[in-house]
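The values are calculated or read from the model by the stated rules, or taken from the named source; none is laboratory data. Fair warning: this is a prediction, and the values are worked out from it, not measured in the lab. For neighbour counting, all protein chains shown are included, and Cβ atoms are generated from backbone atoms with ideal geometry for every residue, glycine included. Ligands, DNA and RNA are excluded from the accessible area calculation, which covers all protein heavy atoms including side chains. Shrake-Rupley method; radii C 1.70, N 1.55, O 1.52, S 1.80 Å.
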Amino acid sequence: MRWTYLLIDVFSILVPFLYSFHPKMKLIQWWKPIFIAISLTAIPFLAWDVFFTVKEIWGFNPKYLLGINIIYLPLEEWLFFWMIPYASLFIYYSLQYFKPNWVLTNQLVSIISILILLLTFSIVILHYNKWYTLVNYATLFIILLYAFLRKRHLLKRFFIAYLIVLIPFVLVNGTLTGMWTVEPIVWYNNAENLGLRFITIPVEDFAYAFSMLLLSLILIDHQVKIEWNKPHSNSN
């Protein structure tokens, strides 16, 4: 049972990591910009993670942990910030490689972005007194606004990829929040969030996943343009 969170981390990245060496797509060739982007993204997320833990805005059930802590956080939580983003990025770039025509129009990107920005801005204004809600939606607003103004080309595929990412996200995050376990691995202080859940997952976590993936993509795009001339062209 103490291996539960660690196993969730490992199984989340296992298939994406192995398929990164696939001779056709071979995503591993861009390991350096991807690793740098994930690491830079982890910095603010880990910082507020520590803050949330110290303030008991959320916490971790020791029954499902190895018991190794680094700066108030369990080892498994540190690994989460490298393994889960990598698995999500793999989905994004797989979509780019295998389904290059799955992109939204500029008009649709603008409509979706503006609607999300208006919604998140409203949530921040109305619930500024709830730490978990405030930080998650304010972060989403800032990152999406920057992407909309400076990296709009990423959003053409990002919105589609995010919907696909939600499938494994619900399984992983649902497990962490008690969907399959007697007690949740990660617990939340509902006084600091909206109190709305999808099954067992706080709605703020969907903003969390959105921001973490989009910020990683932006930071990768600042370093290199990951693209292929056409699908299946790298077969040797």
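Overview of results
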| quantity | calculated |
| --- | --- |
| Simple Cβ-charge dipole of the chain, Lys/Arg +1 and Asp/Glu -1, about Cα centre, in debye nearest 20 | 880 debye |
| Candidate lysines for bridging to residue 26, where Cα separation is under 30 Å - those fewer than 8 sequence places away on the same chain excluded | 99, 151, 156, 225, 230 |
| Lys/Arg +1, Asp/Glu -1 at C-beta; the chain dipole; positive extreme among 189, 207, 102 | 102 |
| Exposed-loop-free span, longest in the chain, where chymotrypsin sites (Phe, Trp or Tyr not before Pro) count as exposed if DSSP calls them loop and at most 14 other C-beta atoms lie within 10 Å | 181-236 |
| Cα shape, the stretch 89-211, gyration tensor, a/c 1.5 rule | oblate |
| Spacing of the two label points (7 Å from each Cα toward its C-beta) at residue 70 and residue 107, in nm | 4.9 nm |
| The chain: C-alpha gyration tensor shape, a/c 1.5 cut-off, then a/b vs b/c | oblate |
| Segment residue 142-residue 121, extension gain: residue separation times 0.36 nm, minus the distance between their alpha carbons | 6.6 nm |
| Surface accessible to a 1.4 Å probe, residue 56 within the full protein complex, Å² | 120 Å² |
| Exposure rank, largest accessible area first [75, 140; 1.4 Å] | 75, 140 |
| Paramagnetic reach from residue 99 in the stretch 106-149 [backbone N under 13 Å; point 7 Å along Cα→Cβ] | none |
| Proximal charge balance of residue 172 [Cβ under 14 Å; K/R count +1, D/E count -1] | -4 |
| Cα-centred dipole magnitude for the stretch 1-136, charges only on beta-carbon of K, R (+1) and D, E (-1), debye, nearest 20 | 300 debye |
| Label-point gap, in nm, between residue 55 and residue 197 - each point 7 angstrom along Cα→Cβ | 2.2 nm |
